[in-house]
Structures are given as C-alpha cells and as structure tokens.
1. With 10 angstrom as the radius, rank 156, 33 by how many other C-beta atoms surround their C-beta, starting from the fewest.
2. I need the phi-derived Karplus couplings for the stretch 67-74: 6.51 cos²θ - 1.76 cosθ + 1.60, θ = phi - 60°, integer Hz, Gly and Pro marked x.
3. What percentages, rounded to whole numbers, describe P(r) for the stretch 197-296 computed over all alpha carbon pairs with 10 Å bin width beginning at zero?
4. Mind jotting down the distance between the C-alpha centroids of the stretch 158-211 and the stretch 38-92, whole Å?
5. List the relative contact order of the stretch 73-309 as a percent without decimals, with contacts defined as Cα pairs under 8 Å and 6+ residues apart.
6. How high is the relative contact order of the stretch 147-224, in percent, counting Cα pairs under 8 Å that sit 6 or more residues apart?
7. Counting Lys and Arg as +1 and Asp and Glu as -1, what is the net charge of the other residues whose Cβ lies under 15 Å from the Cβ of residue 158?
8. Sorted by mean Cβ packing within 10 Å, highest first, what order do the peptides 83-91, 53-61, 257-265, 109-117 take?
Amino acid sequence: MVIEQQAAPAIGQRIGRQRRASRRTGWRGAFALPGFVYLLIFALYPMYQLVVMSLSDVTSANILGAWSFNGFSNFASTTSSAAFGVSVANTLILVASLLLIGLIGGTIAALALQRSGWLTNLTLGLMIFVWALPPVVAGNLWKFLLSDTGVVNSALMSTGAIHKPILWLVDSHLALLSIVLISGWLVLPFGALVVRSALLDVPQDLLEAASLDGAGGLSRFWYVTLPHLRPTLWVLAVLLVVNAFRSFDLIYVLTGGGPGNATYTLPFLAYQQAFQTFQYGIGSATSILSLLIVLALALAYGWVQRKDAR
C-alpha cells in the first residue's frame, strides 16, 4: 500500500505530461492545417488534373468540356515524334553541363574566394547580383550582346579574331552552346556561394593537423575538405538538376526553341505542344515524363544519401 501511494504521484505526473504533449501536438496540427490545405489546392489538385489530362484526348475544342479517355496514346505520340528525341538529348546536355559548371566551377570559385578581403567582397557582391537577375532579364541582356551587331561580335571583329559576325543564336549548333554557357553563367554564382558557405564549416584544426603531417594543398582538399563538402554538393546537385529543368524562360527569350527545334528541351516541348499547337493531352504527357525523370533523380539522390549514412 505504501508503495502504491508513493507511485501514484509519479503516475499522475506522467499522465499530465502526456496530456500536455497531446495538446501541443494538436496545436501543431492546427497550425499546419492551412499549409496542408494550400498544398492540396495549389499543388496536389493541379498535379491530379495534369495526370488525368495526359491520359485523355484534350484539345482546344473540348478543353472546357468532357475529356475522353485514350490511355497512353498521348505518351506514344510524344515519344514517337522527332522533337522528343532532340528535346531529351538537349535536356541531358543542359543538365550535365550545369552539373559540371555548378559543382566543379562553383567549388573552384569558392576555394578562390575563401579568404576575406575587399576583392573577395566585391566579387561576392557581383555574384549575388548575377544570381539575383531574373532569367528573362538575363536572356534579353545576352540576346543583345550576342546579336550580329552586338558587343561580343564587335569586340571579336575589332581584335581581328573573326572577319564576319557569328550567328550565336541562329546557328543550330551554336544556339545550344550559347544556352548552356549563359545558363552556366547564371548558376555558377549560386554554386560558388553554396560551396563557400560549406567551406566555412570545415574544421580548421583538421586542416592544420593535416598540414603538420606534411599533407599538401591537394591532399588536404581531397581527404579533409571534400568529405565535409560531400553532403552539400549532393544537395547542390539536386538543385542544379531542378534548375536545368526550369530553364524554359531563358530558352523562350533567347531562341524561342529555334532554329527549328535545335534548342528544345522537355519543358519547352511541353509548352510548344500545349500552348502553340493546342495539343493539351500530349503536352501534359511530356510534362509527366519530365516529372518522372526529376523524380527518378531525386530517388537516386535519396538512395545515395542513405547509403552514405550507413
């Protein structure tokens, strides 16, 4: 009986803590409810509509009416088109190029800007300015610079490097190269800023210990700095891939997908199918395929992260 009397207050305290924790959980759920409703209305429902549209025959004639189900006909139509193969190839080229520029170029730039100073601060300020430029503004700027009478051609001709203007955005081979370089110019500051912030968290005592043990600069980077940067670089890689799939506005301003379909990517192909030829079902199917590619890359990233954690 004495033991039960002594244990009763402890049990009561535990029950009280559990009730207070339940009330706090309820309050947290109430605060999360508006965000969930917003996500449901503006993200999940449009995604559901996109899937339904990709499996239906939707054109400008019945966009506001009933949609007839046609299975995977839209997916067969878009994958069998010549523009689809070009778009997939261009998308992969753009993704690979931005990964190289953002990861390798960003890491090199971050290492060069690791030391503080007025020149570093000035460079970082310019990088933030470039990174903050809207793609539409950057696209119009470079469209002016790369025109046949633009600054780039004028500078090259004045130095004797070329004898006639280069059609950067009209030539079928140079147009895609120009898109890649301009996109890289936009993502390089972002990569450098992200990697530089991660470099500030690298333990200096480990670097000093490695230096005392006779490790050179390259060895210190490879065995000390890079392992600490690896989680940040993985996250940066995912963001760069997503950014490559969101490069529609830059392509629209610079080349409009041309010449021909030389600079088509999957998002731009989906736009062309849906809003220029009014084949909404086929455009939705192309968008779903783009989404599946991004989802596959995200799952691969999660698998690698869990593997590293083990």
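Derivation of every value follows stated rules applied to the coordinates shown; laboratory data play no part. Fair warning: this is a prediction, and the values are worked out from it, not measured in the lab. FYI the Cβ positions are ideal-geometry reconstructions off the backbone, even for glycines, and counts take in every protein chain you see.
1. On the way: 156 14, 33 10.
Arranged by neighbour count, lowest to highest, 156, 33 become 33, 156.
2. Once θ is set to phi - 60°, the couplings for the stretch 67-74 become 9, 8, 6, 10, x, 9, 5, 5 Hz.
3. 14, 28, 18, 15, 16, 8, 1
4. Comparing the Cα centres of the stretch 38-92 and the stretch 158-211, I get a distance of 35 Å.
5. Values: 251 pairs, mean separation 76.2, N = 237.
Relative contact order here is 32 percent.
6. On the way: 26 pairs, mean separation 12.1, N = 78.
About 15 percent, as a whole number.
7. Summing Lys and Arg as +1 and Asp and Glu as -1 gives 0.
8. The densest-packed peptide leads the list: 257-265, 83-91, 53-61, 109-117.
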